[in-house]
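The values are calculated or read from the model by the stated rules, or taken from the named source; none is laboratory data. No experiment lies behind these values; they were computed from the predicted model shown. Glycine gets a Cβ as well: all are built from the backbone with ideal geometry, and neighbour counts include every protein chain shown.
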Amino acid sequence: MIGEYEDKPQPLLEHLIELRRRLIWSLGAFFVAFLVSFYFAKQIFNYLVYPYKWAVQWAGLDLSKSELIYTAPQEFFFTQVKVAMFTAMVVAFPVIASQIYKFVAPGLYKNERAAFLPFLIASPVLFLMGAALVYFFFTPMVMWFFLAMQQAPEKGQVAISLMPKVSEYLSLIMTLVFSFGLVFQLPVVTSLLARVGLVSAQALAEKRKYAIVIAFVVAAVLTPPDPMSQIGLALPTILLYEISIYTARLIERGRDKEALARAAADAE
């Protein structure tokens, strides 16, 4: 619990011992999650393939003739390793986040812990929201865009077919998940900066035009080189920036109310 931590000085050696303990718990949680995930890696990958199946159906293609391939003997094995690592990071994140919190909590005041905890909860929730958006909408949309570029063998033309590799498909969906997950942390980051007074709602609003340009630049860097995924990431980023301005205003109003209440209490 939050109130159980005490703010008392500790020598450097005790801090290092505490850090080692938290790292052991975090790595242990990741290792256990990795072993379990690797056992079910093929089933997990089959779930990750659902967006591709939806895209095939959207394109009006025969699902029974669509396939993913691998061209090197070890490729699918290492793909399963990546799937297991990806899943283990997601599964072990609550444990890792709690260990980080337990390490930094003794150095925070009680009100700082109470303020920090909601952001610790909001961060994974927003990440999962971004991942869900990728899984259920953007990945099928991107794959539909690529599938639509295929060429049928008609009028003497050579057939051009998309045959995705398992490793490249996994890299695509992981890139999109991490990109959207990180972008969805924007309200958390800006809210923390607003709470400590490093940014203000007015400053964020004044820099809106620069934020829009940066959103498209970041989308171009983080996503595959196709306009669908780049626009698909840039637009939510701009929306999240507007939400960040709103949350910064709420934080500033709350801070002003607290200041007025303290001033009234001091006057009495």
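Can you tell me which residues in the range 193-222 are touching a residue at least 24 places away in the same chain (Cβ under 8 Å) and surrounded by fewer than 16 Cβ atoms within 10 Å (Cβ to Cβ)? Ala205, Arg208, Ile212, listed by residue number. For the range 223-268, the set of residues classified as within 19 Å of Met174 (Cα to Cα) and buried (at least 19 other Cβ atoms within 10 Å of the Cβ) consists of Thr223, Ser229, Gln230, Gly232, Leu233, Ala234, Pro236, Thr237, listed by residue number. Scanning the range 160-190 for residues being surrounded by fewer than 20 Cβ atoms within 10 Å (Cβ to Cβ), over 30 Å from Asp62 (Cβ atoms) and not aliphatic (A, V, I, L, M) gives a total of 2. Checking each residue in the range 190-229 for being part of a loop (DSSP other than H, G, I, E, B) and among the charged types (D, E, K, R) picks out Lys207, Asp226. Applying the criterion of being surrounded by 15 or more Cβ atoms within 10 Å (Cβ to Cβ) and of a type in the set (Phe, Trp, Tyr) to the residues of the range 120-138, the residue that is farthest from Trp54 (Cα to Cα) is Phe127.
Across the range 113-157, the number of residues qualifying as without any contact (Cβ under 8 Å) to a residue 24 or more places away in the chain, out of contact with any Ser or Thr (no Cβ under 9 Å at 6 or more places or on another chain) and of a type in the set (S, T, N, Q) comes to 1. Considering only the range 37-52, state which residues are over 15 Å from Phe138 (Cβ atoms) and part of a helix (DSSP H, G or I). Result: Ser37, Phe38, Tyr39, Ala41, Lys42, Gln43, Ile44, Phe45, Asn46, Tyr47. Scanning for something within 16 Å of Phe178 (Cβ to Cβ), among the aromatic types (Phe, Trp, Tyr) and either in contact with a Leu (Cβ under 7 Å, 6 or more places away or on another chain) or in a loop (DSSP other than H, G, I, E, B) (or both), does the range 133-140 turn up at least one residue? Checked the range 133-140: at least one residue is within 16 Å of Phe178 (Cβ to Cβ), among the aromatic types (Phe, Trp, Tyr) and either in contact with a Leu (Cβ under 7 Å, 6 or more places away or on another chain) or in a loop (DSSP other than H, G, I, E, B) (or both). Among the numbered conditions (1) over 21 Å from Val134 (Cα atoms); (2) modelled with pLDDT under 95; (3) surrounded by 14 or more Cβ atoms within 10 Å (Cβ to Cβ), the only one that Val49 does not meet is (1).
No other residue among Leu19, Leu27, Leu35, Leu63 is loosely packed, with under 13 Cβ neighbours inside 10 Å, modelled with pLDDT of 90 or more, of a type in the set (A, V, I, L, M, F, W, C) and more than 17 Å from Leu170 (Cβ to Cβ) apart from Leu35. In summary, Ser161 fulfils each of the numbered conditions (1) at pLDDT below 90; (2) under 23 Å from the mean Cα position of the chain (by Cα); (3) not assigned by TED's automatic domain parsing to the domain that holds Trp25 with the single exception of condition (2).
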